[in-house]
2 protein chains.
Amino acid sequence: MNTIVRVDLKTGTIKTEQLSDDYKLLAGRALTSKIISDEVDPACDPLGESNKLVFASGLFAGQTVSCVNRLSIGSKSPLTGTIKESNAGGSFALKMGRLGIRAIIFEKIVSDGGPQILYLSKDEVKLLPANEYTHQTVYDAATRIRNRFGEKVGISLVGPTGERLSLAAGIANTDKDGRPSRYCGRGGLGSVMGSKGIKAVVIDDDGTENPMVANEAYFKEVKKEVTQEIVNNEQVANSFTKFGTAGLVKLTNSMGALPTHNFSKGSFEKAELINGDELYRLIDERSGEGAHSHACMPGCLIKCSNIFPDEQGKEIVGPLEYETIGLIGSNCGIDSLDVISKINYKCNNLGLDTIDIGGAIAVAMEAGVIEFGDSQKALELVDEIEKDTYIGRIIASGGKRAGEVLGVRRIPACKGQIMPAYDPRAIKGLGVTYATSTMGADHTAGQTIRAQVEHTSPEGQVEASREAQLVNTMLDICGVCFFMASGIKKNFQLLANLVESVYGVKCKVENLEAIAEKTLAIEKDFNNRAGFSDASDYLPQFFYTEENPDVKTVFDVSTDDMRKIHNH
Amino acid sequence: MNTIVRVDLKTGTIKTEQLSDDYKLLAGRALTSKIISDEVDPACDPLGESNKLVFASGLFAGQTVSCVNRLSIGSKSPLTGTIKESNAGGSFALKMGRLGIRAIIFEKIVSDGGPQILYLSKDEVKLLPANEYTHQTVYDAATRIRNRFGEKVGISLVGPTGERLSLAAGIANTDKDGRPSRYCGRGGLGSVMGSKGIKAVVIDDDGTENPMVANEAYFKEVKKEVTQEIVNNEQVANSFTKFGTAGLVKLTNSMGALPTHNFSKGSFEKAELINGDELYRLIDERSGEGAHSHACMPGCLIKCSNIFPDEQGKEIVGPLEYETIGLIGSNCGIDSLDVISKINYKCNNLGLDTIDIGGAIAVAMEAGVIEFGDSQKALELVDEIEKDTYIGRIIASGGKRAGEVLGVRRIPACKGQIMPAYDPRAIKGLGVTYATSTMGADHTAGQTIRAQVEHTSPEGQVEASREAQLVNTMLDICGVCFFMASGIKKNFQLLANLVESVYGVKCKVENLEAIAEKTLAIEKDFNNRAGFSDASDYLPQFFYTEENPDVKTVFDVSTDDMRKIHNH
């Protein structure tokens, strides 16, 4: 787990470097942000030659501990103009761990001859022509790549929208079944990958084993403890595994935090048609290829994912997640899980972030392109992206640009990126995160929904967001999913113990927190060098002036307090 | 000249305030920027309720001295996110001066009942319904408004694109003949006016006289001196009056600074078909309604404007200016003054800035929407804006957004605004201005083409730009056009003498410079509070990495030096 693969796409040169000791505990987001900050000019054009795209596995990649194999991808974002890390499940990072690869750095741009594939196995790392996959959809390309390289390879790839440099394009990763639906969705990283001329990264861990750990006995003990914690956790069993993230619909709707009709209110009159109960019921009733519970990473014990089937029991999409339900469902006034899941699949297949596309459809609805709640027209709008029409281009550029082009005043975005499915007036800590995060509006940058605060009060939100940003960064460094934090009841010493057992170094939670703090500081510094400042950290004005009718409050956390968040 | 008209559009309340003594010498850009800075939240949504739109006349408005009656319009720009002032000729500011109005401040947004007209005369100031002009083109609306209010009124108005909140929309002003072609074009101020629900401002100075001056005898003497300077100036006679701004084509083409094919080179092989000589020849040959020389402001002695006729001698557009020829001509590979002037007219009629539209067409050409040099398709593309199709919306949102939506990597814009027609690698002082100006890429913010520097060398450019930014700001405060500076051979003491004679205060050039310095500082501070910083001041990366083949150099002025420009 100490190799960095550096790929110069202009010359086709591939170098492997050994991680220096200083970098021993830099993984995941800590590593992507460190490399981007050290090596990329903050003033660069994100889609130009000097931006870099960095894949990094987390601290425990390759180990078969539950929830520890997320893949971080980092770059300067063309959507936000900031530094960016976006992470996802799937099997890619686990295979990186088994191949001993901590990071892959893509530099420059393929100079001619069309898109390429980077192929990594224990025997070789090589670039291959990918012309035969040019402009192919994500599922088609993934199927063909698996047919060519084997069913068990991991694939990270972009769809036609990434190749077209659409700013809402993400990077898809295959899950344990080869389904390319685990998305590093946010920040337009798919357009960066497309700009570099990389269609896919294929990773084959055939013939490898789990990486060695420093203290095998201790590792087994910690792993067992983690397993016990998760297996015995009632919240995991009764909520995460049963309803997945979709369980949140009921909660946010009751909190007045479920974005509805382009963030004009916080509850949806048809919420019961798109909530976790209904999702569960439909999967149950339709059965077939459907599944209530599915692991996004091999070895996951929480299995919060799902597979949503149609009436004939045939898979529409897997997983169908809360953010997609919120942004494409209630926020567009769409009350059908069938429609939401079909749009979700279309987005996945085109290579798009469902949050920014949901936001774009909603602003298009506000502009009168189609009506709120018009499911058929919403499906057709996404088809316009596939046909690459001009309205398709507008939508595929994400909600911020779509709103600007269509003349919409109310655009729920921070630093160019559409907010996820939590109204910042109803969960004000998340409003602070949206405004102050180093990467634009992003719930995974500092989720406060479980924080012990009065969510509609301005009090304590900066502290809650600061704490959440730190914890989330720590998890992103570990390659650990957010639900694991609940699974282990925030006993983060278990993560520190894992570090001790894997790396043979002393580690306390404070040490991990220190890396997270340092990472946040590096990111903030990059953004400052890119031209942002504390004064860039605010929400769109309408959240300060328009009441959310469900909670009867505007966003009223003090701007001065927010600006102190990174300088406490 | 000491009244401020404050219009609360939400309530329809109109108040007049007297200018306090502190504000005596604050006019034009100094006044718009001071008011915006004092009264507008820098974090506000530029198209939302809390932004304001300020019209201000210059220090000598109402006087019949040559070149002193430009109108400044200021706001927070939705295109750049910065503070913005854009100024134009026409008769509006002269009439403001005669009515004793220094500024008009539009606050909030018309709450219902559609767009309105603000009408000002010596007897009344009132809001009137403008529904009958909704979505009308600029020329149609101006004609009807003149038919209704009289041929001699001054009109400032927006076209359908301003009403649609298109980010490349400007504000048109009528010239002395009532032709609505004097544009406050830049920064999307037309969309701000549209967002407020103001279709037009109509100003009627019937029954008024030139404003009193403090020292009539001295005023006449200074006026005479200014007149003599301009009348006897050979550059004025042989260049400005004869060829107008179009005379620049030959110069910039020879310098390698004429943007060609989306800023991919600095000279155009067909330049002789679109230069000042050809313009002169065609106007001469076609005669009819054409005119080599035309005054944009009443009383102007330079008369750098023109009226360009078609083969039958019928007016196509007036004026046809250098920036339009550069951006819509060479930068799009279009080699016909007929086509350029037709596109210019269409833009004027739709209410659009020709610089940002030229930039948008060029990036669309780079994206393959149409071919470089395809005149017919370029005309049709502008017709798409009239039809309000999606590609029309994309183009009307300006070159930056158009490029982002269409997946173009090379977008020649700073802070969201397309560069005017000077390649920053060939005239590096202008590159410094584009990067560091308080309002995005704008030549009028600091024109260095006549600076005594080696334009392709990085040396001395920061100083040249600093000096030019100061001079240009001073002129913008005086309401004086840039050509007057040449007309009076930069003897700015004449402007100070005018201040003395009009206001009865002691004034030296240093006093005017001090107001300009203070204005720049206020603007910079506003931008900092909006989230910009010195680190926001850079050119798009391709100017640093791609050589301009005509001058064989990249942009290489030190970033560190540029960042010191406002803090010397």
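The values are calculated or read from the model by the stated rules, or taken from the named source; none is laboratory data. As the structure is a computational prediction, the values presented were derived from the model and not from experiment. Glycine gets a Cβ as well: all are built from the backbone with ideal geometry, and neighbour counts include every protein chain shown.
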Notebook entry, point to check: Does region B:364-381 contain at least one residue that is within 12 Å of another protein chain (Cβ to nearest Cβ), in contact (Cβ under 8 Å) with a residue 40 or more places away in the chain, of a type outside the set (S, T, N, Q) and surrounded by 24 or more Cβ atoms within 10 Å (Cβ to Cβ)?
Noted result: yes
Item checked: Selection from region B:34-66 of residues that are within 30 Å of A:Tyr538 (Cβ to Cβ), assigned to a loop (DSSP other than H, G, I, E, B) and not β-branched (Val, Ile, Thr) -> B:Asp41, B:Pro42, B:Ala43, B:Cys44, B:Asp45, B:Pro46, B:Leu47, B:Gly48, B:Glu49, B:Ser50, B:Asn51
Next item on the list: Tell me, yes or no, whether region B:298-319 has at least one residue that is over 13 Å from B:Thr354 (Cβ atoms), touching a residue at least 40 places away in the same chain (Cβ under 8 Å) and in a helix (DSSP H, G or I).
Entry: no
Item checked: Qualifying positions in region A:137-177 - assigned to a loop (DSSP other than H, G, I, E, B) and touching a strand residue (DSSP E or B) at 6+ places or on another chain (Cβ under 8 Å) -> A:Val153, A:Val158, A:Gly159, A:Ser166, A:Ala168, A:Gly170, A:Thr174, A:Asp175
Note to self: Just the residues that are more than 8 Å from every other protein chain (Cβ to nearest Cβ) and either surrounded by fewer than 24 Cβ atoms within 10 Å (Cβ to Cβ) or hydroxyl-bearing (Ser, Thr, Tyr) (or both), please, taken from region A:391-407.
What the structure shows: A:Gly392
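What residue, among those in region A:408-419 that are more than 19 Å from A:Gly351 (Cβ to Cβ) and part of a loop (DSSP other than H, G, I, E, B), is farthest from the other protein chains (Cβ to nearest Cβ)?
Residues of region A:408-419 more than 19 Å from A:Gly351 (Cβ to Cβ): A:408-415, A:419.
Subsequent filtering for residues that are part of a loop (DSSP other than H, G, I, E, B) retains A:408-412, A:415, A:419.
Values: A:Val408: 8, A:Arg409: 5, A:Arg410: 8, A:Ile411: 8, A:Pro412: 12, A:Lys415: 9, A:Met419: 15 Å.
Only one residue fits best here, namely A:Met419.
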Next item on the list: Mind listing just one residue for me: the one in region A:549-568 that is under 27 Å from the mean Cα position of the chain (by Cα) and modelled with pLDDT of 95 or more and, of those, surrounded by the most Cβ atoms within 10 Å (Cβ to Cβ)?
Entry: A:Phe555
Margin query: For B:Ala168, only one of the following conditions fails: (1) of a type outside the set (Lys, Arg); (2) more than 14 Å from chain A (Cβ to nearest Cβ); (3) over 16 Å from B:Ile198 (Cα atoms). What is its number?
Written below: (2)
Notebook entry, point to check: Hey, does region B:67-84 have a residue that's at positive phi and either out of contact with any helix residue (DSSP H, G or I) (no Cβ under 9 Å at 6 or more places or on another chain) or within 14 Å of another protein chain (Cβ to nearest Cβ) (or both)?
Noted result: yes
Next item on the list: Could you please give the count of residues in region B:15-33 that are over 21 Å from B:Ser111 (Cα atoms) and in a strand (DSSP E or B)?
Entry: 3
Check: Considering only residues of region A:333-345 that are out of contact with any strand residue (DSSP E or B) (no Cβ under 8 Å at 6 or more places or on another chain) and not small (Gly, Ala, Ser), which is surrounded by the most Cβ atoms within 10 Å (Cβ to Cβ)?
Finding: A:Ile340
Next item on the list: Working only within region A:97-135, note down all residues that are among the polar types (S, T, N, Q) and surrounded by fewer than 22 Cβ atoms within 10 Å (Cβ to Cβ).
Entry: A:Ser111, A:Ser121, A:Asn131, A:Thr134
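Among the residues of region B:528-541, write down those that are more than 7 Å from chain A (Cβ to nearest Cβ) and either buried (at least 21 other Cβ atoms within 10 Å of the Cβ) or at pLDDT 95 or above (or both). Even if it seems obvious, please write down each step before you answer.
Narrowing region B:528-541 to residues more than 7 Å from chain A (Cβ to nearest Cβ): B:534, B:537, B:539.
Hits for region B:528-541 are B:Asp537, B:Leu539.
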Item checked: Hits in region B:556-568 - residues which are farther than 17 Å from B:Gly266 by Cβ and either touching a helix residue (DSSP H, G or I) at 6+ places or on another chain (Cβ under 9 Å) or away from chain A (no Cβ under 14 Å) (or both) -> B:Ser558, B:Thr559, B:Asp561, B:Met562, B:Arg563, B:Lys564, B:Ile565, B:His566, B:Asn567, B:His568
Margin query: Need the failing condition index for A:Gly288 against (1) in contact with a strand residue (DSSP E or B) (Cβ under 7 Å, 6 or more places away or on another chain); (2) surrounded by fewer than 22 Cβ atoms within 10 Å (Cβ to Cβ); (3) modelled with pLDDT under 95, just the number.
Written below: (3)
Notebook entry, point to check: Looking at region B:117-136, which of its residues are part of a strand (DSSP E or B) and under 24 Å from the mean Cα position of the chain (by Cα)?
Noted result: B:Ile117, B:Leu118, B:Tyr119, B:Leu120
Check: So which helices (runs of 4 or more DSSP H) are wholly in region A:481-568 and hold at least 3 residues that are of a type in the set (D, E, K, R) and within 27 Å of A:Ser86 (Cβ to Cβ)?
Finding: A:509-529
Notebook entry, point to check: With respect to A:Thr456, is the statement that it is surrounded by fewer than 24 Cβ atoms within 10 Å (Cβ to Cβ), within 19 Å of A:Cys184 (Cα to Cα) and away from every other protein chain (no Cβ under 13 Å) true?
Noted result: no
Notebook entry, point to check: What are the residues in region B:194-215 that are hydrophobic (A, V, I, L, M, F, W, C) and in contact with a Leu (Cβ under 6 Å, 6 or more places away or on another chain), if any?
Noted result: B:Ala200, B:Val201, B:Ile203
Notebook entry, point to check: So which of A:Ile73, A:Ile105, A:Ile109 ends up being outside any strand (DSSP E or B) and aliphatic (A, V, I, L, M)?
Noted result: A:Ile109
Notebook entry, point to check: What is the one condition in (1) under 24 Å from B:Ile411 (Cα atoms); (2) of a type in the set (A, V, I, L, M); (3) over 17 Å from the mean Cα position of the chain (by Cα) that B:Leu301 does not satisfy?
Noted result: (1)
Next item on the list: Determine, yes or no, whether A:Leu248 is touching a residue at least 60 places away in the same chain (Cβ under 8 Å), farther than 23 Å from A:Phe542 by Cβ and part of a helix (DSSP H, G or I).
Entry: yes
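From the list B:Gly185, B:Gly207, which residue is surrounded by 23 or more Cβ atoms within 10 Å (Cβ to Cβ), modelled with pLDDT of 95 or more and not hydrophobic (A, V, I, L, M, F, W, C)? I'd like the intermediate steps shown before the answer.
Working: B:Gly207 fails: surrounded by 23 or more Cβ atoms within 10 Å (Cβ to Cβ).
Result: B:Gly185 is the single residue among B:Gly185, B:Gly207 that is surrounded by 23 or more Cβ atoms within 10 Å (Cβ to Cβ), modelled with pLDDT of 95 or more and not hydrophobic (A, V, I, L, M, F, W, C).
Does B:Arg450 fit the bill of being within 18 Å of B:Gly326 (Cβ to Cβ), within 14 Å of chain A (Cβ to nearest Cβ) and not in a helix (DSSP H, G or I)?
Details: within 18 Å of B:Gly326 (Cβ to Cβ): yes; within 14 Å of chain A (Cβ to nearest Cβ): no; not in a helix (DSSP H, G or I): yes.
The answer is no for B:Arg450.
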Next item on the list: Could you tell me whether A:Asp41 is charged (D, E, K, R), within 14 Å of another protein chain (Cβ to nearest Cβ) and farther than 30 Å from A:Phe492 by Cβ?
Entry: yes
Next item on the list: Determine whether region A:152-171 contains at least one residue that is surrounded by fewer than 19 Cβ atoms within 10 Å (Cβ to Cβ), of a type outside the set (S, T, N, Q) and without any contact (Cβ under 8 Å) to a residue 12 or more places away in the chain.
Entry: no
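Checking the conditions here, which among A:Thr553, A:Thr545, A:Thr519 is touching a residue at least 24 places away in the same chain (Cβ under 8 Å) and either under 30 Å from A:Val480 (Cβ atoms) or at the interface with another protein chain (Cβ under 10 Å from one of its Cβ atoms) (or both)? Spell out the reasoning first.
Working: A:Thr553 fails: either under 30 Å from A:Val480 (Cβ atoms) or at the interface with another protein chain (Cβ under 10 Å from one of its Cβ atoms) (or both); A:Thr545 fails: touching a residue at least 24 places away in the same chain (Cβ under 8 Å).
Being touching a residue at least 24 places away in the same chain (Cβ under 8 Å) and either under 30 Å from A:Val480 (Cβ atoms) or at the interface with another protein chain (Cβ under 10 Å from one of its Cβ atoms) (or both) holds for just one of A:Thr553, A:Thr545, A:Thr519, which is A:Thr519.
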